[in-house]
Amino acid sequence: MNWNKYFALFFFSILFFAGCEKDKETSYSPLPPPVAKPKVTDYFPLTIGSYWVYEWHEIDTNGTDKMIHIDSTIVTNDTTINQKKYAVKKNFIIENNLQQTSIGFYRDSADYIVDNYGKIWFSNTNFTDTLQVDSMYDNLITIYYKMSHKDSLISISLGNYLCYDFEEIWKIKDPHCNQNKSEHHFYTKGIGQIKDVHFFMSDCNSPRYEHRLIRYKINKEK
């Protein structure tokens, strides 16, 4: 037996198949780009120049809907309070040809929106804890604030939006009106607050009041 012949044949077979493997193109599926974690300011924008215009509607117990006035909110500037930077939000209400103005100071604090008093007004991550508690009139009214209803579908004139609900739960100790009520503040990603639902807490038969977004502009962060 000619072993040299077999070894030579085996050697060239290996070279041949190795060459064929090299000719094959290796393809790899590209990795998907990383998904950016939503920021709390995606839902509660604080960029200077951003504004929102709302209609206030009154809905009585018969379902009659009446627009009663318009207001607007604008982030005008930022300011420093106790060595921390806050966005300044001014709210303008026009009713009966009179303008009222209120001012709030807000900042992003580790996925929470807080004001200059340390109160929490929104979170995009904590849907478990009570975020703050207030009491009024010698504890006759206690208000619990929390995030609830993570994917509420809210309809306004601008369209339909999935929203996070910042809820105020009012527990009222009143012999004439001993009932609990909730107010809701709906925020959607990329816009901010699009709708509120309010009541007069002292009135058992209060109409419902809705604060509905009709126009807005969100400036990009620099």
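Quick notes on this structure:
- Screening residue 157 against (1) surrounded by 16 or more Cβ atoms within 10 Å (Cβ to Cβ); (2) over 21 Å from residue 47 (Cβ atoms); (3) in contact (Cβ under 8 Å) with a residue 24 or more places away in the chain leaves a single unmet condition, (1).
- Leading residue by the ranking (farthest from residue 158 (Cα to Cα)) among those in region 50-104 that are basic (Lys, Arg) and surrounded by 11 or more Cβ atoms within 10 Å (Cβ to Cβ): 84
- Yes/no for residue 162 being exposed (fewer than 11 other Cβ atoms within 10 Å of the Cβ), under 17 Å from the mean Cα position of the chain (by Cα), of a type in the set (A, V, I, L, M) and closer than 27 Å to residue 208 by Cα: no
- Being assigned to a loop (DSSP other than H, G, I, E, B), within 14 Å of residue 104 (Cα to Cα), touching a Gly at 6+ places or on another chain (Cβ under 8 Å) and at pLDDT 95 or above is a condition met by at least one residue of region 26-44.
- Tally, over region 104-114, of residues that are outside any strand (DSSP E or B) and either in contact with a Lys or Arg (Cβ under 6 Å, 6 or more places away or on another chain) or charged (D, E, K, R) (or both): 1
- Which listed residue, of 210, 168, is part of a strand (DSSP E or B) and either under 20 Å from residue 93 (Cα atoms) or among the aromatic types (Phe, Trp, Tyr) (or both): 210
- Selected residue (only one of 128, 142, 101 is at pLDDT below 95 and not in a strand (DSSP E or B)): 128
- Of the residues making up region 146-164, not a single one is in a loop (DSSP other than H, G, I, E, B) and either more than 26 Å from residue 207 (Cα to Cα) or out of contact with any strand residue (DSSP E or B) (no Cβ under 8 Å at 6 or more places or on another chain) (or both).
- Residues that are of a type in the set (S, T, N, Q), under 19 Å from the mean Cα position of the chain (by Cα) and under 30 Å from residue 48 (Cα atoms) are absent from region 173-186 altogether.
- Those residues of region 105-128 which are loosely packed, with under 15 Cβ neighbours inside 10 Å and within 22 Å of residue 219 (Cα to Cα), in sequence order: 109, 110
- Hits in region 80-111 - residues which are of a type in the set (Gly, Ala, Ser) and under 19 Å from the mean Cα position of the chain (by Cα): 87, 104, 109, 110
- Out of 151, 134, sole residue that is closer than 15 Å to residue 180 by Cα, of a type in the set (Asp, Glu) and either surrounded by fewer than 16 Cβ atoms within 10 Å (Cβ to Cβ) or touching a Phe, Trp or Tyr at 6+ places or on another chain (Cβ under 7 Å) (or both): 134
- The set of residues in region 45-86 that are among the acidic types (Asp, Glu), in a strand (DSSP E or B) and farther than 16 Å from residue 101 by Cβ comprises 55, 58, 65, 78.
- Index of the failed condition, residue 117 passing every other in (1) out of contact with any Asp or Glu (no Cβ under 9 Å at 6 or more places or on another chain); (2) in a strand (DSSP E or B): (2)
The values are calculated or read from the model by the stated rules, or taken from the named source; none is laboratory data. Quick caveat, the model's predicted, so the values are computed rather than measured. Positions of Cβ are generated from backbone atoms using ideal geometry, with glycine treated the same way; all protein chains shown enter the neighbour counts.
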